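Peer 1: This is the structure I have questions about; it appears just below.
The values are calculated or read from the model by the stated rules, or taken from the named source; none is laboratory data. Because the structure is a prediction, the values reported are computed rather than measured. Here the Cβ is made from the backbone with ideal geometry for all residues, glycine too, and neighbour counts use every protein chain on show. Each accessible area value is taken on the protein alone, full model and side chains, heavy atoms only, with ligands, DNA and RNA left out. Shrake-Rupley method; radii C 1.70, N 1.55, O 1.52, S 1.80 Å.
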Amino acid sequence: LKKALPQSGNSQADILIEMTEEGGITRIMALYQDITGVGTIGTIRSTREYFLSLAMGLETIHVHAGGEAAALKDISNNGFKTLSALKISEPFWRDSYRKNNVGMEHSMYTSSDKLQDYVASHEGCVPLTHSEGYVSPFQFAEDGTPDGESARQVTVTYSSYKNTVFDYDDASGTYKVSFFTDRPYVDEAADGAQVEVTNILILPAKQWTKASNVDGGGRQAYNLGGGTGYYVSGGKWTEIQWQKGDYYSTGIFTDPLVLTNTDGSPLEMNVGKTYICIPGLSQPIDFE
């Protein structure tokens, strides 16, 4: 939502994943390889089944403020240990200005220090190592620029309300991120620095609204089984293939994300931050 911006800590995330929520708004899950020194992170919102599935497949420490009933049930059924602001209080706080002027739901924050202190003092609260045999879905190359068509500006439309625009900067070799066509996506905790990423992954997926008698109605569901996607970097784009696993029909949340070129070989990206867009299949994607 426009009124929920700006966010904090987003410019330091290694990966940002954006997906459509109910009502055509979007939500973003930020992933950090190492949160040391990041500082303030927020605002923290509730989780959804699709973010949970991505988090479990990546074996992350999942930080959230509760979630839809289905997602909370999935967490319990899978024995997935998370850090929820509705269950523990130490690492979280509410910003009084936001609480009184923007909305209670837009006021929850955490920080890298508070999260690390909590985990260090509560042994076993979350796993601190990957499982045996875990393989990261992200592979990198010294030159991972695709041999494809021009992508100086990329626009991913999520709904009639929300789009995300990426503008390529030759000097930095990164894409500057904007929301709502021309509103820079900035990091409040970093003096308003605009978020920049080296790579963009666009992974269109089948999306639908849950029936009115399911989880209160209006929540979204995704088939993350996979399909054709797009890799953008260095001012160019190319088609790729991706697969994750359809948690909604199988109930399996731990399937890994797999990214390949169209010939089936592993996708190698440029070294740097990555923004993953997962719009609905019918939403337009524009490359200029």
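Peer 1: Using a simple charge model, +1 on the beta-carbon of Lys and Arg, -1 on the beta-carbon of Asp and Glu, nothing else, what dipole does the chain show about its Cα centre, in debye to the nearest 20?
Peer 2: 1220
Peer 1: May I pose another question? Using only DSSP helix segments of four residues or longer, with each worth -39500 (n - 2.57), what per-residue ellipticity at 222 nm results for the chain after dividing by its residue count and rounding to 500?
Peer 2: Rounded to the nearest 500, it is -3500 deg cm²/dmol.
Peer 1: Over all distinct alpha-carbon pairs, what is the Kirkwood Rh of the range 80-161 in angstrom?
Peer 2: Radius from the Kirkwood sum: 17.7 Å.
Peer 1: Now for a separate question. Counting residues in the chain as N, plug N into 2.2 N^0.38 Å and put the Cα Rg over that result.
Peer 2: Against the compact-globule rule of thumb, the ratio is 0.97.
Peer 1: Based on Cβ point charges of +1 for Lys and Arg and -1 for Asp and Glu, what charge dipole magnitude is obtained for the range 110-230 about its Cα centre, in debye rounded to the nearest 20? Provide the component values of the computation, followed by the final result.
Peer 2: On the way: 8 positive and 17 negative charges, 175 e Å.
Charge dipole of the range 110-230: 840 debye, to the nearest 20.
Peer 1: How much length, in nm to one decimal, is gained on full extension between Leu1 and Val102, taken as 0.36 nm per residue of separation minus their Cα-Cα distance?
Peer 2: Length difference between fully extended and current span is 35.3 nm.
Peer 1: Oh, and also: Number of Lys-Lys pairs in the chain under 23 Å by Cα, sequence gap 8 or more or different chains?
Peer 2: Step by step, the pairs that qualify in the chain add up to 26.
Peer 1: Could I get the Rg over Rh figure for the range 33-122? Both from C-alpha atoms, Rh via Kirkwood, rounded to two places.
Peer 2: 0.97
Peer 1: What whole-number value in Å² describes the accessible area per residue of the chain for a 1.4 Å probe?
Peer 2: On the way: 13260 Å² over 288 residues.
Solvent-accessible surface per residue comes out at 46 Å².
Peer 1: Along the Cα-to-C-beta direction of Lys81, a point sits 7 Å from the Cα; which residues of the range 120-159 have their amide N less than 13 Å from that point?
Peer 2: 120-131
Peer 1: Please report, as a whole percent, how much of the solvent-accessible surface of the chain comes from carbon and sulfur atoms (probe radius 1.4 Å).
Peer 2: 47
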